[in-house]
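What follows is a single structure, written as structure tokens, with notes after it.
The values are calculated or read from the model by the stated rules, or taken from the named source; none is laboratory data. Quick caveat, the model's predicted, so the values are computed rather than measured. Neighbour counts run over all protein chains shown; Cβ positions are idealised from the backbone, glycine included.
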């Protein structure tokens, strides 16, 4: 999961609640449908054993397709389960603590909401990417901030650290984020809840990204 001259790609996040075996089939369909840069395992309110069991099933599906897997919030579980890194929010494990726990090659991304200051601090600390959002209304989580695409354009002008856009992103509305300079589009519902299945959703995103990148 690297950037800069690379075209914008999808960054998939699991739904907050899944049945791992059934979801693994959906995941394979999504990853086989087009380019996906990353999978984040984000199982909110699940106990550690549930997260471990889900990761044991999902991680090989992603790795077999060359897709890195990040754990949400929990660098300890990321290390234990063999994930490629972790995504931390502002109220989660601090970046420096996560980096100390994980190996130097692990990917660590940081939520920065709509804050330029938080993004600069995360990048200066060594974060592998910064995440901005929410750009659009979302039912997946309670967004703590509302972001404008201008922050993506500003970031792409001042930093080589990749940016991830998140929050209510669909194939229909993603073009403004792509043209503003987002390196990755973090998506949940628009893929897993697509009426024609996750494969169709990934193909729709890929077409939209290609159109916006022309």
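Out of the residues in the range 1-25 meeting the condition of being touching a strand residue (DSSP E or B) at 6+ places or on another chain (Cβ under 7 Å) and part of a loop (DSSP other than H, G, I, E, B), tell me which one is nearest to residue 72 (Cα to Cα). Let's see the steps before the verdict.
Taking the range 1-25 and keeping what is touching a strand residue (DSSP E or B) at 6+ places or on another chain (Cβ under 7 Å), we get 1, 8-14.
Applying the additional criterion that residues be part of a loop (DSSP other than H, G, I, E, B) yields 1, 8, 14.
Working: 1: 16, 8: 22, 14: 10 Å.
Here the answer is 14.
In the range 26-46, of all residues being surrounded by fewer than 16 Cβ atoms within 10 Å (Cβ to Cβ) and not in a helix (DSSP H, G or I), the one that is modelled with the highest pLDDT corresponds to 35. Does any residue of the range 118-132 turn out to be touching a helix residue (DSSP H, G or I) at 6+ places or on another chain (Cβ under 6 Å), part of a helix (DSSP H, G or I) and within 16 Å of residue 35 (Cα to Cα)? No, the range 118-132 contains no residue that is touching a helix residue (DSSP H, G or I) at 6+ places or on another chain (Cβ under 6 Å), part of a helix (DSSP H, G or I) and within 16 Å of residue 35 (Cα to Cα).
Name the single residue, out of those in the range 5-20 being out of contact with any helix residue (DSSP H, G or I) (no Cβ under 6 Å at 6 or more places or on another chain) and farther than 28 Å from residue 176 by Cβ, that is surrounded by the fewest Cβ atoms within 10 Å (Cβ to Cβ). Checking each candidate, the answer is 19.
Would you confirm whether any residue within the range 15-25 is under 24 Å from residue 163 (Cβ atoms) and modelled with pLDDT of 95 or more?
First pass over the range 15-25, keeping only residues under 24 Å from residue 163 (Cβ atoms): 15-16.
Pick out the ones that are also modelled with pLDDT of 95 or more and you get 15-16.
Yes, the range 15-25 has at least one match.
Look at the range 60-90 and say how many of its residues are in a loop (DSSP other than H, G, I, E, B) and buried (at least 24 other Cβ atoms within 10 Å of the Cβ).
Residues of the range 60-90 that are in a loop (DSSP other than H, G, I, E, B), as a first pass: 64-68, 73-74, 82-84, 89-90.
Narrowing further to those that are buried (at least 24 other Cβ atoms within 10 Å of the Cβ): 83.
Of the residues in the range 60-90, 1 are in a loop (DSSP other than H, G, I, E, B) and buried (at least 24 other Cβ atoms within 10 Å of the Cβ).
Mind counting the residues in the range 154-177 that are touching a helix residue (DSSP H, G or I) at 6+ places or on another chain (Cβ under 8 Å), under 22 Å from residue 122 (Cβ atoms) and not in a loop (DSSP other than H, G, I, E, B)? Count: 6.
When you scan the range 47-59, do you find a residue that is under 21 Å from residue 202 (Cβ atoms) and buried (at least 22 other Cβ atoms within 10 Å of the Cβ), even just one?
Step one: of the range 47-59, the residues under 21 Å from residue 202 (Cβ atoms) are 54, 57-59.
Narrowing the set further to residues that are buried (at least 22 other Cβ atoms within 10 Å of the Cβ) leaves 58.
The answer is yes; a qualifying residue exists.
Going through 208, 143, 147, 200 one at a time, which residue ends up being touching a strand residue (DSSP E or B) at 6+ places or on another chain (Cβ under 6 Å) and either at pLDDT 95 or above or not in a helix (DSSP H, G or I) (or both)? Before the answer, list the steps.
Details: 208 fails: touching a strand residue (DSSP E or B) at 6+ places or on another chain (Cβ under 6 Å); 143 fails: touching a strand residue (DSSP E or B) at 6+ places or on another chain (Cβ under 6 Å); 200 fails: touching a strand residue (DSSP E or B) at 6+ places or on another chain (Cβ under 6 Å).
Checking each option against the conditions leaves just 147.
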